[in-house]
Amino acid sequence: MSGKGSNKEETFSFKCPSCEKGVITIDTTDYDLPDGDKMLIIKFTCDQCNYHKNDVIPMTTRMDSGIMTLKIVDESDLKSKIYRSPTGKLEIPELELIVEPGPRADFYYTNVEGVLFRFEEAVSIYKNNLEKNDPQFNEIEEILGNLKKAINGKLKFTLKISDPGGGSYIIPQDPSRYTFQKLNSDELEEG
């Protein structure tokens with residue numbers, strides 16, 4: 001990621017959630033991306049146990065609630081930017097993979113390839129907790145194989161974000177493969 005940023009550091013005296021002894025330091029960086037987007041990068045670090053957590057919050061977010069759909073046709077589409085807010089549901093229907101929103105959901109800013117890597121890691125962890133004779137084992141192996149194909153640009157698929165709260169967005173490499181359907185007030189109440 002290339003761009004420029006400015007750092008600020010503030011120390012707060014609240015206990016570390018991990019060791020409950022240390023003090024959390026919060027570093028923030030306002031970051032300008034080459035394409036004009038701005039983001040705030042926040043890093044939380046404990047002075048005792050080195051607990052750390054990073055968060056990325058876009059400053060140029062689109063606030064329309066709706067359903068964003070991106071058709072991934074070739075390897076160049078994997079570089080399309082994805083921002084998922086905590087209220088966004090992200091899914092790849094062809095692979096039956098879904099990230100649901102929830103009270104502990106994080107913001108994340110990545111590209112399609114980064115989303116695939118997140119899914120690959122989560123599915124691998126799930127697989128490693130299965131017994132080899134589990135009926136789901138072969139199905140999980142197939143999903144991992146399809147994820148590898150997708151990561152290598154060898155599988156066409158759809159990435160969809162449904163966000164009734166707004167704030168999620170997709171910046172496609174090829175705008176002809178992107179659609180946005182604004183949600184009306186009736187659909188917001190149903191969701």
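A single member of 101, 164 is closer than 21 Å to residue 181 by Cα, in contact with a helix residue (DSSP H, G or I) (Cβ under 6 Å, 6 or more places away or on another chain) and not assigned by TED's automatic domain parsing to the domain that holds residue 39, and it is 164.
Here's the yes/no breakdown for (1) closer than 29 Å to residue 56 by Cα; (2) without any contact (Cβ under 8 Å) to a residue 12 or more places away in the chain; (3) surrounded by fewer than 11 Cβ atoms within 10 Å (Cβ to Cβ):
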position: 145; (1), (2), (3): no, yes, no
position: 149; (1), (2), (3): yes, yes, no
position: 159; (1), (2), (3): yes, no, no
position: 162; (1), (2), (3): yes, no, no
position: 168; (1), (2), (3): yes, no, no
position: 177; (1), (2), (3): yes, no, no
position: 181; (1), (2), (3): yes, no, no
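Residues that are basic (Lys, Arg), at pLDDT 85 or above and within 21 Å of residue 106 (Cα to Cα) do not occur anywhere in the range 65-74.
The values are calculated or read from the model by the stated rules, or taken from the named source; none is laboratory data. Computed from a predicted structure; not experimentally measured. Because the Cβ atoms are built from the backbone with ideal geometry, glycine has one as well, and the counts that use them run over all protein chains shown.
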